[in-house]
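The structure under discussion appears below in the form of C-alpha cells.
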Amino acid sequence: MLGFGKVSCLFCGTRVRRRDARRARNASGAFVCSGCWAQWDKTGRKCTACETPVRGMQDVGMFTDRKGLGHADCGGARVLRA
C-alpha cells in the first residue's frame, strides 16, 4: 500500500496504522505504537518524570521531550486512543 493512514511512533520510529497507535492530545504528531505501549506496561508503567508507577484510573501522559510515558499530572500530554 501507499502508507496513507500510517503514523510514526515517537519512541521507536516505526510506521504503524493509526488505529494501532495512541496519540497525545495537544501534541501535534505525537503517537506511541502498541509495541512501545506494551513494553512500558510490561516494565511496570513507571513515570519518566517522577519514577513512580501509573496506577488504576490515573491519566497517562506522553513526554515528547523525554520520549517516555508517565502521569499526565507530571506535565505529560494526555494520551488518547487514536
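Of note:
- Separation of the ARG78 and CYS12 label points, Cα + 7 Å toward Cβ, nm: 2.7 nm
- Annotation: amide H-H contacts under 5 Å for LYS67 (H modelled 1.01 Å from N, sequence separation of 5 or more, or interchain): none.
- Using the Cβ-Cβ distance between ARG19 and LYS42 with R0 = 30 Å, the FRET efficiency computed as 1/(1 + (r/R0)^6) comes to roughly 0.90.
- Carbon and sulfur %, accessible surface of the chain computed with the full protein complex present, 1.4 Å: 48 percent
- Residue with peak Gaussian network fluctuation, the chain [Cα springs, cutoff 10 Å], from PHE31, PHE11, PHE63: PHE11
- Value of Rg to Rh for the chain (Rh from inverse mean 1/r over Cα pairs, i.e. Kirkwood): 0.97
- Judged by the ratio a/c of the largest to the smallest principal axis of the C-alpha gyration tensor, segment 10-53 counts as oblate, that ratio being 1.5 or greater while a/b is no larger than b/c.
- Amide H contacts of ALA49 (H built 1.01 Å from N, under 5 Å, at least 5 apart or other chain): HIS71
- Each label point was placed 7 Å from the Cα along the Cα-to-Cβ direction; for THR52 and PHE4 their separation is 4.7 nm.
- A simple count of charges around THR52, restricted to other residues whose Cβ falls under 10 Å of its Cβ and scoring Lys, Arg +1 and Asp, Glu -1, yields +2.
The values are calculated or read from the model by the stated rules, or taken from the named source; none is laboratory data. Keep in mind that this is a model prediction, so the values were computed, not measured. Note that we place each Cβ from the backbone using ideal geometry, even for glycine, and neighbour counts take in every protein chain shown. For the accessible areas, the whole protein counts, side chains as well, though only heavy atoms, and no ligand, DNA or RNA atoms are used. Shrake-Rupley method; radii C 1.70, N 1.55, O 1.52, S 1.80 Å.
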